[in-house]
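The values are calculated or read from the model by the stated rules, or taken from the named source; none is laboratory data. The model shown is predicted, which means the values in this text are computed figures rather than measured ones. Cβ placement follows ideal geometry from the backbone for every residue including glycine, while neighbour counts extend to all protein chains displayed. These accessible areas exclude ligands, DNA and RNA; they are computed on the full protein's heavy atoms, side chains included. Shrake-Rupley method; radii C 1.70, N 1.55, O 1.52, S 1.80 Å.
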Amino acid sequence: EVDLTDQVSVQIQGTGQAINGDADNYNLILKDVLEFELDLAYITFKNLSEAPLAVTLGRQDLIFGDGFLIYDGYYDTVALWLTPITSFNAAKLSFNPAPFSFDLFYAETIVDSQNFEAVLVDGVGFAGNRSLWGLNSNLKTKDSGEWDLGVFIVDDESAINSDTIALSLRGTYETKTSPTLTLTGEIVSEFGTTNAKNHSLSTTSQNREAVGGHIDGILSFNEVKFSPYLKTRYLHFP
C-alpha cells in the first residue's frame, strides 16, 4: 500500500494460483494452468471535505464481522472454493464519525459466469450477472463491545433470478476478567424470490425466506504461557 498524498492511497496485490489432481467424474473441477491475477487493486480517497469520509474504488475485500454472510467475491469456474482470492470489484463509501461507522457499497459478485445456485439446482450453469448492494452500520465502544446492523440486497439477472434481501445483526462482547470470555454472534434474516423449485427451473417465481446465524464463546487464558483458549460454536442453517 502506498500513500500518494495525505488524502489518496493505492494498494495493489497479486496472487498466483493453479489447480491440479484427479477430480474423478466431477466435471466442474478440472486441471487448471498456473495463472496470476490481481487480488487487490484499489484507490482510496479519504478525509473528503475535511470530514471522516472516504471513497474506495476497485478490487477490494468486503468483510463485515467475521465474514459469516459476505466474504468471497471471487468466482473461478475451475478452482471454485480452492482459490485464495476473496475480493470484489466494488465501490465503497465510508463515513466514520466515532464511535460509529457506516459503509455503503456496490459490488459485482458474478459477471458473465455460471450461477452457483443454478449448479445446485440441476448441474447446469446459467449465464448471468449478479450484483450486491449493501449498507452496514457499526458501533464500537470500550465498555459495550462492538455491534453491527446491515442490510444487503442481491440483484440476480440469471435464469435463476434469485433476488434476495438479507438483514444482519452482529455483536461482540469481551469481559474484563481473567480468564477472558468473549461472546460473538450473528443472526441473519433473508427473504426474496427465486425461479428454482424442486431441483429444477420453474417458469414462475417462488417466494422464500429463512433465518440463520451463529454464536461463539471463547475462554482465553492470556496470563498462562502460550495463551491457550477454549472455543465453542453453535451454527444454525435452515
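Listing for the model above:
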item: Close pairs from region 50-63: first on the phi > 0 side of the Ramachandran plot, partner open to solvent by 30 Å² or more (accessible area, probe 1.4 Å) and of a type in the set (A, V, I, L, M, F, W, C), Cβ under 7 Å, at least 6 apart; result: GLY58/ALA41; GLY58/ILE43
item: Residue in region 211-234 that is acidic (Asp, Glu), open to solvent by 50 Å² or more (accessible area, probe 1.4 Å), out of contact with any His (no Cβ under 8 Å at 6 or more places or on another chain) and under 26 Å from VAL154 (Cβ atoms) present; result: no
item: Positions within region 147-191 being in contact with a Gly (Cβ under 6 Å, 6 or more places away or on another chain), among the β-branched types (Val, Ile, Thr) and more than 21 Å from SER101 (Cα to Cα), in sequence order; result: THR164, ILE165
item: Single condition PHE191 does not satisfy, out of (1) closer than 19 Å to GLY65 by Cβ; (2) open to solvent by 40 Å² or more (accessible area, probe 1.4 Å); (3) modelled with pLDDT of 95 or more; (4) under 19 Å from the mean Cα position of the chain (by Cα); result: (1)
item: Candidates VAL154, VAL119, filtered to the one that is within 18 Å of the chain's Cα centre (by Cα) and modelled with pLDDT under 95; result: VAL154
item: Options ASP103, ASP72; residue that is modelled with pLDDT of 80 or more, outside any helix (DSSP H, G or I), among the charged types (D, E, K, R) and crowded, with 18+ Cβ neighbours inside 10 Å; result: ASP103
item: Matching entry among LYS142, LYS92 (being open to solvent by 20 Å² or more (accessible area, probe 1.4 Å), modelled with pLDDT of 85 or more, basic (Lys, Arg) and under 14 Å from the mean Cα position of the chain (by Cα)); result: LYS92
